[in-house]
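Engineer: I am attaching a structure below and will ask some questions about it afterwards.
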Amino acid sequence: MEGGERLLPKGFPKLKNDTFLRAARGEETEHVPVWCMRQAGRYLPEFRETRASQDFFATCRSPKLCCELTLQPLRRFPLDAAIIFSDILVVPQALGMEVVMVPGKGPTFTEPLKEVEDLLKLRQKVDVTAELGYVFQAITLTRHSLEGKVPLIGFSGAPWTLMSYMIEGGGSTTMAKAKSWLYRHPEASHRLLQLLTDVIIDYLVGQVAAGAQALQLFESHAGHLGPELFQDFALPYIRDIAQAVKSKLKEEALPLVPMEKIGELVKKMLEGFGTQRYIANLGHGLYPDMNPEHVGAFVEAVHAHSRHINKHS
Ligand code: 1CP
């Protein structure tokens with residue numbers, strides 16, 4: 001952290017609202033807990049002010065700014081969880097790739113992977129504390145600063161989603177280049193997915209050691225794979241991550257935090273889905289042009305309706 005004292009990942013304040021964690025563990029809750037993807041985002045004027053003229057990934061590397069941005073939506077809305085301000089693309093950066101945020105275009109890789117030989121340019125062993133320690137510091141600082149108001153979620157991108165960004169070089173509607181790797185270079189694709197898996201495991205365990213109380217693994221690009229490709233190139237790695245993270249947390253005597261299975265959950269938030277054992281969210285996150293008041297209305301509506309259904313059922 002720049003200047004200032006560094007807080008230790010212990011002696012955290014007592015958690016006051018555990019609705020999110022209870023739902024994630026499959027326990028009963030009085031209302032459906034809610035948090036929103038990109039709840040810290042450009043739709044909030046205070047976010048735009050904090051981020052003004054700052055480079056996005058420089059912001060990600062500042063624990064103080066990440067903490068402030070994470071807390072902003074909590075000051076406005078009765079959300080049931082905080083999610084650490086960061087991005088899934090910090091993992092490819094840790095592997096040695098350069099990713100920059102191009103205004104109006106989004107995250108962009110300066111040299112995406114083109115040939116199988118390009119894999120040799122990646123760090124084959126990543127010391128996550130050296131490369132991503134800034135995220136751990138942001139988590140510790142934020143967990144203290146939350147004062148136990150709600151739990152803090154840590155996250156990572158899942159291997160296939162990160163691999164597709166590393167090959168496409170940024171957002172893509174078809175994932176044509178990344179998918180062609182799966183067909184043309186299956187063996188190299190598996191090597192890359194395994195490398196990512198190893199880093200993600202250490203990264204997620206490190207987040208819990210730093211103070212994260214739940215973990216999300218975003219397989220945002222799962223929808224681009226048909227069932228067979230998904231079975232071969234996505235699911236096994238997600239399973240390995242879930243298993244390895246759990247056993248490492250046990251080994252290191254860290255809390256066994258819930259890992260929800262991924263954003264697909266959100267799609268299930270349909271009317272009639274019930275009010276127990278799930279957490280409300282929005283499929284595509286919050287867009288910059290959203291009115292903050294509408295976000296408040298969404299959060300309050302989920303709470304009120306689910307409480308009402310619980311009372312009358
Ligand atoms: O408040 C929060 O939700 C926490 C912060 C957060 C998270 C969880 C950000 C900040 N990004 C993410 C995850 C993330 N990033 C995902 C997984 C979830 C999903 O499917 O949306 C993905 C795919 C990304 C990649 C990414 N980062 C994109 C999409 C690119 C594309 O076209 O495919 C974009 C636009 C970003 C930038 C970004 N990340 C986060 C914010 C607030 C922003 C906007 C940057 C800005 O201020 O301009």
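The values are calculated or read from the model by the stated rules, or taken from the named source; none is laboratory data. All figures in this text were calculated on a predicted structure; none of them were measured in a lab. For neighbour counting, all protein chains shown are included, and Cβ atoms are generated from backbone atoms with ideal geometry for every residue, glycine included. What goes into the accessible areas is simple: the full protein's heavy atoms, side chains included, and nothing from ligands, DNA or RNA. Shrake-Rupley method; radii C 1.70, N 1.55, O 1.52, S 1.80 Å.
Engineer: Quick one: in segment 74-87, of everything that is part of a loop (DSSP other than H, G, I, E, B) and open to solvent by less than 10 Å² (accessible area, probe 1.4 Å), which residue is farthest from His303 (Cα to Cα)? So that I can check it myself, show each step before the final result.
Structural biologist: Step one: list which residues in segment 74-87 are part of a loop (DSSP other than H, G, I, E, B), which gives 77-81, 84-87.
Checking which are open to solvent by less than 10 Å² (accessible area, probe 1.4 Å) leaves us with 79-81, 84.
Working: Leu79: 10, Asp80: 10, Ala81: 13, Ile84: 22 Å.
Ranking the candidates gives Ile84 first.
Engineer: Glu111 versus (1) open to solvent by 10 Å² or more (accessible area, probe 1.4 Å); (2) not in a loop (DSSP other than H, G, I, E, B): which is the lone unmet condition?
Structural biologist: Condition (2) is where Glu111 drops out.
Engineer: Considering only residues that are surrounded by fewer than 18 Cβ atoms within 10 Å (Cβ to Cβ) and within 21 Å of the chain's Cα centre (by Cα), look in segment 38-49 and name the one that is nearest to the ligand (Cβ to nearest atom).
Structural biologist: The initial filter retains those residues of segment 38-49 that are surrounded by fewer than 18 Cβ atoms within 10 Å (Cβ to Cβ), namely 42, 45-46, 48-49.
Right, trim to within 21 Å of the chain's Cα centre (by Cα) and you get 42, 48.
Values: Arg42: 5, Arg48: 8 Å.
It comes out as Arg42.
Engineer: Return yes or no: is Gly170 open to solvent by less than 10 Å² (accessible area, probe 1.4 Å), within 20 Å of Leu132 (Cβ to Cβ) and either within 16 Å of the ligand (Cβ to nearest atom) or touching a strand residue (DSSP E or B) at 6+ places or on another chain (Cβ under 7 Å) (or both)?
Structural biologist: Working: open to solvent by less than 10 Å² (accessible area, probe 1.4 Å): yes; within 20 Å of Leu132 (Cβ to Cβ): no; either within 16 Å of the ligand (Cβ to nearest atom) or touching a strand residue (DSSP E or B) at 6+ places or on another chain (Cβ under 7 Å) (or both): yes.
No: the conditions fail for Gly170.
Engineer: Farther than 17 Å from Gly211 by Cβ and more than 10 Å from the ligand (Cβ to nearest atom): does that describe Thr59? Working first, answer last.
Structural biologist: Values: farther than 17 Å from Gly211 by Cβ: yes; more than 10 Å from the ligand (Cβ to nearest atom): no.
Here the answer is no, as Thr59 does not meet what is asked.
Engineer: When segment 27-39 is examined, which residues are found to be of a type in the set (A, V, I, L, M, F, W, C) and closer than 12 Å to Ile153 by Cβ?
Structural biologist: Quick first cut of segment 27-39, residues of a type in the set (A, V, I, L, M, F, W, C) only: 32, 34-37.
If the condition is that a residue be of a type in the set (A, V, I, L, M, F, W, C) and closer than 12 Å to Ile153 by Cβ, then Trp35, Cys36, Met37 are the ones that fit.
Engineer: Scan segment 21-36 for residues that are open to solvent by less than 50 Å² (accessible area, probe 1.4 Å) and either out of contact with any Asp or Glu (no Cβ under 9 Å at 6 or more places or on another chain) or more than 15 Å from Asn281 (Cα to Cα) (or both) and jot them down. Show your work before the answer.
Structural biologist: Start the filter on segment 21-36 by keeping residues that are open to solvent by less than 50 Å² (accessible area, probe 1.4 Å), which leaves 21-24, 26, 29, 31-36.
Matches in segment 21-36: Arg22, Gly26, Thr29, Cys36.
Engineer: Can you name the residue in segment 273-313 that is at pLDDT 70 or above and hydroxyl-bearing (Ser, Thr, Tyr) and, of all such residues, is nearest to the ligand (Cβ to nearest atom)?
Structural biologist: Tyr287
Engineer: Moving on. Just need a number here: residues in segment 82-124 that are near the ligand (Cβ under 8 Å from one of its atoms) and of a type in the set (Lys, Arg). Quick ask: steps written out before the conclusion?
Structural biologist: So the first thing to find is which residues in segment 82-124 are near the ligand (Cβ under 8 Å from one of its atoms), and the list is 83-89, 101, 103, 106-107.
Among the residues that remain, those that are also of a type in the set (Lys, Arg) are: none.
Summing the residues that are near the ligand (Cβ under 8 Å from one of its atoms) and of a type in the set (Lys, Arg) in segment 82-124 gives 0.
Engineer: Quick one: which residue in Val90, Val100 is at pLDDT 95 or above, more than 23 Å from Leu21 (Cβ to Cβ) and open to solvent by 20 Å² or more (accessible area, probe 1.4 Å)?
Structural biologist: Only one candidate passes the filter, namely Val100.
Engineer: List every residue pair whose Cβ atoms sit under 9 Å apart, with the two residues 6 or more apart in sequence or on different chains, where the first one lies in segment 159-175 and is without any contact (Cβ under 8 Å) to a residue 24 or more places away in the chain and the second, anywhere, is open to solvent by less than 10 Å² (accessible area, probe 1.4 Å) and not polar (S, T, N, Q).
Structural biologist: These pairs meet every condition: Ser172/Ala178.
Engineer: So how many residues does segment 173-198 have that are more than 16 Å from the ligand (Cβ to nearest atom) and in contact with a helix residue (DSSP H, G or I) (Cβ under 6 Å, 6 or more places away or on another chain)? Full working, then the answer.
Structural biologist: Restricting attention to segment 173-198, the residues satisfying the condition of being more than 16 Å from the ligand (Cβ to nearest atom) are 180-195, 197-198.
Those left that are additionally in contact with a helix residue (DSSP H, G or I) (Cβ under 6 Å, 6 or more places away or on another chain): 181-182, 185, 188-189, 192-193, 197.
Adding up the residues that qualify gives 8.
Engineer: Could I ask something else about it? More than 14 Å from the ligand (Cβ to nearest atom), more than 28 Å from Phe233 (Cα to Cα), at pLDDT 95 or above and surrounded by fewer than 18 Cβ atoms within 10 Å (Cβ to Cβ): does that describe Gly133?
Structural biologist: Working: more than 14 Å from the ligand (Cβ to nearest atom): yes; more than 28 Å from Phe233 (Cα to Cα): yes; at pLDDT 95 or above: yes; surrounded by fewer than 18 Cβ atoms within 10 Å (Cβ to Cβ): yes.
Criteria met by Gly133.
Engineer: Considering only residues that are of a type in the set (A, V, I, L, M, F, W, C) and either out of contact with any Asp or Glu (no Cβ under 8 Å at 6 or more places or on another chain) or not in a helix (DSSP H, G or I) (or both), which ones fall in segment 155-175?
Structural biologist: Residues of segment 155-175 that are of a type in the set (A, V, I, L, M, F, W, C), as a first pass: 155, 158, 160, 162-163, 166-167, 175.
If the condition is that a residue be of a type in the set (A, V, I, L, M, F, W, C) and either out of contact with any Asp or Glu (no Cβ under 8 Å at 6 or more places or on another chain) or not in a helix (DSSP H, G or I) (or both), then Phe155, Ala158, Leu162, Met163, Met166, Ile167, Met175 are the ones that fit.
Engineer: Consider segment 1-20. How many of its residues are open to solvent by 20 Å² or more (accessible area, probe 1.4 Å) and under 23 Å from Pro255 (Cβ atoms)? If you could, list the steps in order and put the result at the bottom.
Structural biologist: Let us first name the residues in segment 1-20 that are open to solvent by 20 Å² or more (accessible area, probe 1.4 Å), namely 1-18.
Remaining after also requiring under 23 Å from Pro255 (Cβ atoms): 6-18.
The number of residues fulfilling the criteria is 13.
Engineer: Does Thr142 fit the bill of being outside any loop (DSSP other than H, G, I, E, B) and modelled with pLDDT of 95 or more?
Structural biologist: The answer is yes for Thr142.
Engineer: Residue by residue through segment 138-155, note down the ones that are within 16 Å of the ligand (Cβ to nearest atom), of a type outside the set (Ser, Thr, Tyr) and open to solvent by less than 40 Å² (accessible area, probe 1.4 Å). Before you say what the answer is, go through the steps one by one.
Structural biologist: Quick first cut of segment 138-155, residues within 16 Å of the ligand (Cβ to nearest atom) only: 138-139, 141-143, 145-146, 149-155.
Within this subset, residues satisfying the condition of being of a type outside the set (Ser, Thr, Tyr) are 138-139, 141, 143, 146, 149-155.
Answer for segment 138-155, where residues must be within 16 Å of the ligand (Cβ to nearest atom), of a type outside the set (Ser, Thr, Tyr) and open to solvent by less than 40 Å² (accessible area, probe 1.4 Å): Ala138, Ile139, Leu141, Leu146, Val150, Pro151, Leu152, Ile153, Gly154, Phe155.
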